[in-house]
Amino acid sequence: MKRIQKATVKQPHRLQALSRSSLSRLNLSEDGATRQILRKVARSTEVSLADTATEPKLAVGYYVYTISVAGVVRYIGKGKGLRLYSHMKEVRSRLKRDFRVQSIGSILQRNLTKAFLSGAQVTEQVLINDLTEKAAYKLEYDKLREYVLAGKRDQLWNVIPASIQTPQEIQAYTERLQRNLNRRDRWVRTLSAMTLEALRGGQDQHRTET
């Protein structure tokens, strides 16, 4: 396994100037950006990938990476080739056309777009490369689990697998399923009973393995 350097997306000076003027009056967290303002931003930020990021040597094989915004890890992913840079490439491509922030379906893309427009520093970093696809998948899963169990679920912009739960979340989910056993709907009762059985079976298997 090898570790390689990180790449930081540097905001061009003209975008920073816009952030202090037009964008300073834009409340992205409440009602999104208007088409007119975003069109101006898009025309002012039509810059190439080479202008906005310094890419290190490409990672070897599959790898696990993070995307940090203003020094805070926001996304954990796996991939190969240029996968690491595809997220910010999509953000920059979006700036060249009309769009509304609140209409962006992906949580990651919506938040990365907000961060980029606000002038925040975005850092893309490979944690470990030269992995097999299976090893990269496991490491990504383990990293996500590490963050969730540390109480940092809301910090991440990932879609967290349903199998990653804190003990408190598992307890709350189990209690909800148990209440469902008394529901009038037969299908709800049946599905809840099956889910409870599977959940308990998984817990028993985990105890056996440990």
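Could you check V91 against (1) under 12 Å from the mean Cα position of the chain (by Cα); (2) surrounded by 18 or more Cβ atoms within 10 Å (Cβ to Cβ) and say which number it fails? Result: V91 passes all but (1).
So, L95, is that one touching a residue at least 40 places away in the same chain (Cβ under 8 Å), under 23 Å from V72 (Cβ atoms) and touching a Pro at 6+ places or on another chain (Cβ under 8 Å) or not? Taking the combined requirement at face value, the residue does not satisfy it. Of the candidates I104, I160, the single residue that is aliphatic (A, V, I, L, M), outside the structural domain of V73 (by TED's automatic domain parsing), within 25 Å of T66 (Cβ to Cβ) and surrounded by 13 or more Cβ atoms within 10 Å (Cβ to Cβ) is I160.
Looking across E146, E140, E197, one residue alone is part of a helix (DSSP H, G or I), in contact (Cβ under 8 Å) with a residue 12 or more places away in the chain and of a type in the set (D, E). It is E140.
The values are calculated or read from the model by the stated rules, or taken from the named source; none is laboratory data. As the structure is a prediction and not an experimental result, all values here were calculated from the model. Cβ atoms come from the backbone with ideal geometry, glycine included; neighbour counts cover every protein chain shown.
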